[in-house]
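Trainee: Would you mind keeping the following structure in view while I ask a few things?
Read the figures in this text as sums done on the coordinates, not as results from a lab. Everything numeric here is computed off the predicted structure, so don't read it as measured data. Here Cβ is always computed from backbone atoms with ideal geometry, including for glycine, and neighbour counts include all displayed protein chains.
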Amino acid sequence: MFNTVVTDGAPPIDRRHAGWAGVAGVAVSLSLTELFAGISSAVPSAISSIGSAVIDLAPSWLKDFAISAFGTADKAVLAIGIVVVSLMIGWFVGQASVRSPAPMVIAFLIAGAVGIAAQIADPQSETGPVIASTLLAMGAGIATWYGIVRLAQPSASERAGDVEDMSRRRFVVGLAGAATVAVIAVGVGRAMVQSRAEAQRAALILPEPVERQADPTAENDFGLTSLSPIVVSGADFYRIDTALVVPTVDPDDWSLRITGLVDREVELSYAEINEMPLVERYVTLACVSNEVGDDLVGNALWTGVPLRDILDMAGVQAGADQIVGRSVDGWTAGFPTDVAFDGRDALVAVGMNREVLPAKHGFPARLVVPGLYGYVSATKWLREIELTTWDAFDGYWIPRGWAKEAPIKTQSRIDRPRRGQAVPAGSYAAAGVAWAPTKGIAAVEVQLDDGPWTEAELTEPLSADAWVQWKLDVDLADGNHTLRVRATDGTGFTQPEPPVPPRPDGAEGWHSVTFSAST
Ligand SMILES: Nc1nc2c(c(=O)[nH]1)N[C@H]1C(S)=C(S)[C@@H](COP(=O)(O)O)O[C@H]1N2
Ligand SMILES: [Mo]
């Protein structure tokens with residue numbers, strides 16, 4: 001069939017037309033993979049699977065560059081990059097296939113193999129559906145390319161001038177048709193994935209905990225504008241992860257396994273975990289990459305099973321000095337086993353702020369470990385807890401240049417005023433937050449310009465693991481000012497002044513804000 005790429009005696013089609021036909025083939029093929037991901041939960045998105053493979057294979061300097069250049073949009077940029085590069089390959093291979101279909105067919109075979117390999121690496125995928133859907137997408141891509149090439153070729157009677165040459169119009173219609181199919185397939189696929197997940201989550205009800213925490217009162221939260229609330233909603237809570245698209249987990253298919261150096265492996269279904277005695281804990285999570293003064297930190301009320309209870313079911317063996325959390329998307333984090341038994345409230349959490357854990361914060365279950373940065377502890381979309389030795393395994397970020405042991409450093413932040421803000425002169429309520437999970441905050445001091453360090457008023461802490469708000473009324477003269485803050489934690493340790501960058505184990509230094517006051 002393909003020997004008719006060039007119809008008998010017809011001139012080869014225009015190179016630009018051939019390029020666009022290739023682009024259309026790739027677009028239809030890629031978009032169908034998104035549609036299939038929507039139709040079947042056994043088929044992961046090919047674009048995000050390839051993105052994950054790129055993230056895993058990329059050298060750490062490149063990842064650092066991407067994170068610093070694009071911030072939390074780095075994954076979106078990567079996905080767009082994969083699509084753009086694929087379409088460009090379609091353009092060039094389309095042009096190379098003017099006389100023979102071989103380059104296009106070979107390119108699709110290679111792309112299919114890469115796509116299948118990347119998708120199968122996703123632990124939630126199933127090989128059969130992945131291969132079948134990829135073959136379908138490849139076939140549709142080749143057929144689209146071939147169809148548009150044919151549409152762009154004048155027929156014998158058109159060439160002879162017997163009838164008006166409509167080939168150009170047919171080409172444009174073909175291209176538009178392919179673009180329409182691609183847009184609809186991506187839209188429908190994405191919508192199906194989201195609605196399947198949301199419907200399942202919405203149908204769930206977080207069980208009543210056996211231990212409830214009191215709601216915050218005016219003692220716990222100053223309630224000032226521009227000051228972070230003491231409990232941050234799931235929607236406003238910072239989000240950091242390596243997932244290109246939020247993993248969608250079917251709680252009916254999901255289970256949590258406790259494996260490795262245990263007396264007996266344990267497997268718990270979502271229902272079984274929810275039937276265990278659940279407790280509520282206020283815990284502040286912090287990201288190690290947070291710069292002094294930034295907002296990759298937040299406090300929430302977590303509902304879950306004490307990690308210790310789940311470990312005791314399995315029986316931790318002597319020598320198992322590392323706990324590794326593994327997520328459904330293959331991410332890992334490890335921390336010392338002691339942490340689960342030293343009295344702090346580490347949880348396998350299923351709820352956040354009295355709601356079923358939001359998808360982007362780890363539904364159906366995640367780890368919450370007070371006092372440890374998220375990258376070594378807070379595994380979202382948790383699938384397995386493995387007991388191992390400290391030396392036997394390094395979590396995801398460790399070979400990428402971050403410290404293996406990563407307790408959260410005592411920190412404080414100024415929320416009011418913002419940097420560069422112009423505030424009215426006179427009395428002003430400066431305020432912010434301070435955190436030292438597991439230790440608690442004993443004092444926060446504030447310095448205006450070259451004035452004395454003055455102790456701020458603190459809110460009643462929700463727990464030793466939760467941040468507090470601080471507030472100090474300052475008297476502002478007209479002109480520019482600098483405000484500095486430093487916290488002292490429950491051990492008596494006061495934040496030192498010298499700035500330290502986030503890598504490898506968390507930023508240090510005093511947050512300071514320059515602003516102006518005028519009458
Ligand atoms: N599966 C998975 N869990 C993860 C991560 C991740 O990339 N994948 N990132 C961790 C990091 S670095 C942090 S700071 C916290 C952030 O949790 P949040 O997004 O709910 O705020 O999640 C942790 N859990
Ligand atoms: Mo993080």
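Trainee: Treating only the Cβ of Lys, Arg, Asp and Glu as charged (+1, +1, -1, -1), what charge dipole size does the chain show about its Cα centre? Round to the nearest 20 debye.
Mentor: In debye, rounded to 20, the chain gives about 2240.
Trainee: Right, another one. With a cut-off of 8 Å between alpha carbons and a minimum separation of six or more residues, what is the relative contact order of segment 267-398 in percent?
Mentor: Across segment 267-398, relative contact order equals 28 percent.
Trainee: Using θ = phi - 60° and the Karplus curve 6.51 cos²θ - 1.76 cosθ + 1.60, what whole-Hz ³J(HN,Hα) does each residue of segment 231-247 get, with Gly and Pro shown as x?
Mentor: 10, 8, 5, x, 5, 8, 5, 4, 10, 9, 6, 8, 7, 5, 10, 4, x
Trainee: Rounded to the nearest 0.05, what FRET efficiency do I39 and L224 have when you use their Cβ-Cβ distance and R0 = 35 Å?
Mentor: 0.10
Trainee: Determine the principal axes of the Cα atoms in segment 411-518, then give the extent along each, sorted from largest to smallest and rounded to whole angstroms.
Mentor: The Cα atoms of segment 411-518 stretch 41, 32, 21 Å along the principal axes, largest first.
Trainee: Sticking with this one: Using Cα centres only, tell me the gap between segment 406-460 and segment 355-371 in whole Å.
Mentor: Between the Cα centre of segment 406-460 and that of segment 355-371, the gap is 28 Å.
Trainee: Here's a follow-up. Explain nothing, just the number: relative contact order of segment 4-202, from Cα pairs under 8 Å at least 6 residues apart, as a whole percent.
Mentor: In percent, rounded to a whole number, it is 40.
Trainee: So, one more: Which aspartates and glutamates have a Cα lying under 14 Å from the Cα of K380, excluding residues fewer than 8 positions away in the same chain?
Mentor: Leaving aside aspartates and glutamates fewer than 8 places away in the same chain, those within reach of K380 are D241, D329.
Trainee: Helix check for the chain. Which DSSP H runs span at least 24 Å along their own axis by Cα, with a mean Kyte-Doolittle hydropathy no less than 1.0?
Mentor: Qualifying helices, which must be both long enough and hydrophobic enough, are 74-96, 102-120, 127-151.
Trainee: Starting from the Cα of E211, step 7 Å toward the Cβ, then list every residue of segment 328-363 with an amide N under 12 Å from that point.
Mentor: 343-347
Trainee: A follow-up question, please. Lysines within cross-link reach of K471: Cα-Cα under 25 Å, excluding same-chain residues under 8 positions apart?
Mentor: Qualifying lysines at Cα under 25 Å: K409, K439.
Trainee: Taking Cα pairs under 8 Å and at least six residues apart, what relative contact order does the chain come out at, in percent?
Mentor: 13
Trainee: Follow-up. Over 37 Å apart: what share of the alpha carbon pairs of the chain falls there, rounded to a whole percent?
Mentor: Pairs farther apart than 37 Å: 43 percent.
Trainee: Still on this structure, please answer the following. Once fully extended, how much extra length lies between Q317 and A117, figured as 0.36 nm per residue of separation less the alpha-carbon to alpha-carbon distance?
Mentor: 68.4 nm
Trainee: Of all the stretches in the chain, which is the longest one without any exposed loop site, taking trypsin sites (Lys or Arg not before Pro) in a DSSP loop (any state but H, G, I, E, B) with at most 12 other Cβ atoms within 10 Å?
Mentor: 100-263
Trainee: Right, next: To the nearest 0.05, what FRET efficiency results for R354 and S516 with a Förster distance of 56 Å applied to their C-beta separation?
Mentor: 0.85
Trainee: Tell me, what are the semi-axes, in whole angstrom and largest first, of the equivalent ellipsoid of segment 199-247 as set by the roots of 5 times the Cα gyration tensor eigenvalues?
Mentor: Output for segment 199-247: semi-axes of 27, 21, 9 Å.
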